[in-house]
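Here, each number is a calculation from the coordinates, and none is a lab measurement. Note that the structure is a prediction, hence the values are computed from the model and not measured. Reconstructed Cβ throughout: ideal geometry from the backbone, glycine too, with neighbour counts over all protein chains shown.
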Amino acid sequence: MSTRKKRKVIAGNWKMNMTPSEAKELISGIYSRIKGKKGCDVVVCVPFVDIPVAAAATKGTIIKLGAQNVHFEQKGAYTGEISASMLKECGVQYVIVGHSERREYFGETDETVNKRAKAALEAGLNVIICVGEKLEEREAGITGEVVSRQTKLALQDIPVTMMQNVIIAYEPVWAIGTGKTASNEDADEVCGIIRAVVSGKYGKSVARGLVIQYGGSMNAKNCEGLLAMNNIDGGLIGGASLKPDDFAVIVNAAQ
Ligand code: PEP
């Protein structure tokens, strides 16, 4: 069981799901199930076009608004991209960077993850930086090496003063959307490795205060065990965040 006094953060990653009208309905479904729960932070990371509707629907609730990506430049000729200040002005408080789907399908690299994280933090957003090994890397016994490298590179030149706005999500790539979950112990061990990297760079107190989420097929059935682990301070939830009943069970487990 966790001994740290730290608020857990449960964040839903909706991916490319939900039109604006569906987003409104989903947020109201989630809110009606978790209203009054104040023991953890709850975030929904919605598609860009849902942001205005989601900002209105989350206003005055305990649900905070997140986006799923951000460009690293402030403005200019970057067709199709969205800047951190645009997100901020629309009421966004959190943004995911470096999700494995972005790394795999959209050419995201450790360098661009770092640039996005810095741009978002400089604009005053909270970032959820995703790291995680592929199946072949786990099988080759290099999980620790991979997540340590990704963590170090993602945090390059990020000053300690900004670390209070950083969350790291450990998401083993083989567990995302597959129904396969890391065991509680394996997930905890890797989150512990990430914490040690942060401790080496920023010191023990920053590392202790850092929220490290687990993500990868977390659901209503397995959330309790994962969230009880010492190094796991929340969850980044894909599929189950689209089901209000299941998402509410996860939020309850984090209270
Ligand atoms: C994710 O998209 O970050 C994720 C963890 O997805 P899922 O919960 O569906 O595995």
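Below, the figures for the structure above:
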{"quantity": "Overall dimensions of region 1-56 by Cα: Rg and Dmax, Å", "calculated": "13.3, 41"}
{"quantity": "Residue order, fewest to most surrounding Cβ atoms within 10 angstrom, among Tyr94, Tyr170", "calculated": "Tyr94, Tyr170"}
{"quantity": "Efficiency of FRET between Lys59 and Ser183 - r from beta-carbon atoms, R0 51 angstrom, step 0.05", "calculated": "0.85"}
{"quantity": "Mean Cα-pair separation over length for the chain, i.e. relative contact order, pairs under 8 Å, 6 or more apart, %", "calculated": "23 percent"}
{"quantity": "Radius of gyration and maximum dimension Dmax of region 27-67, Cα, Å", "calculated": "9.8, 30"}
{"quantity": "For region 77-86, Karplus couplings with θ = phi - 60° (6.51, -1.76, 1.60), whole Hz, Gly/Pro x", "calculated": "7, 10, 3, x, 9, 10, 8, 5, 5, 5"}
{"quantity": "Separation of the Ala228 and Glu136 label points, Cα + 7 Å toward Cβ, nm", "calculated": "3.7 nm"}
{"quantity": "Estimated Rh, region 98-172: Kirkwood, alpha-carbon pairs, angstrom", "calculated": "12.6 Å"}
{"quantity": "For Trp14, Trp174, order by how many other beta-carbon atoms lie within 10 Å, fewest first", "calculated": "Trp174, Trp14"}
{"quantity": "Count of lysine pairs in region 117-240 with Cα separation under 29 Å (8 or more residues apart, or interchain)", "calculated": "13"}
{"quantity": "Solvent-free Debye scattering, log10 I(q)/I(0), computed from the Cα coordinates of the chain at q = 0.13 Å⁻¹", "calculated": "-0.75"}
{"quantity": "Between region 177-196 and region 45-96, the alpha-carbon center distance in angstrom", "calculated": "28 Å"}
{"quantity": "Ellipticity estimate at 222 nm from DSSP helix runs (n ≥ 4, -39,500 (n - 2.57)) divided over the chain, nearest 500", "calculated": "-12000 deg cm²/dmol"}
{"quantity": "Per-selection metrics, region 38-118 (Cα): Rg and Dmax in Å", "calculated": "13.4, 43"}
{"quantity": "Segments 111-119, 98-106, 209-217, 79-87 sorted - mean Cβ within 10 Å per residue, highest first", "calculated": "209-217, 111-119, 98-106, 79-87"}
{"quantity": "Cα-based Rg of region 131-195 normalised by 2.2 N^0.38 Å, two decimals", "calculated": "1.17"}
{"quantity": "Sparse-neighbour loop sites [trypsin sites (Lys or Arg not before Pro); region 177-250; at most 13 other C-beta within 10 Å; DSSP]", "calculated": "Lys180, Lys221"}
{"quantity": "Relative intensity, log₁₀ I(q)/I(0), of region 121-245 from a Debye sum that treats every alpha carbon as a point, q = 0.15 Å⁻¹", "calculated": "-0.66"}
{"quantity": "Span-like helix ranges in the chain, DSSP H, alpha carbon extent 20 angstrom or more, Kyte mean at least -0.5", "calculated": "20-34, 184-202"}
{"quantity": "5 angstrom amide H check on Val211, placed H, neighbours 5+ away", "calculated": "Ile168"}
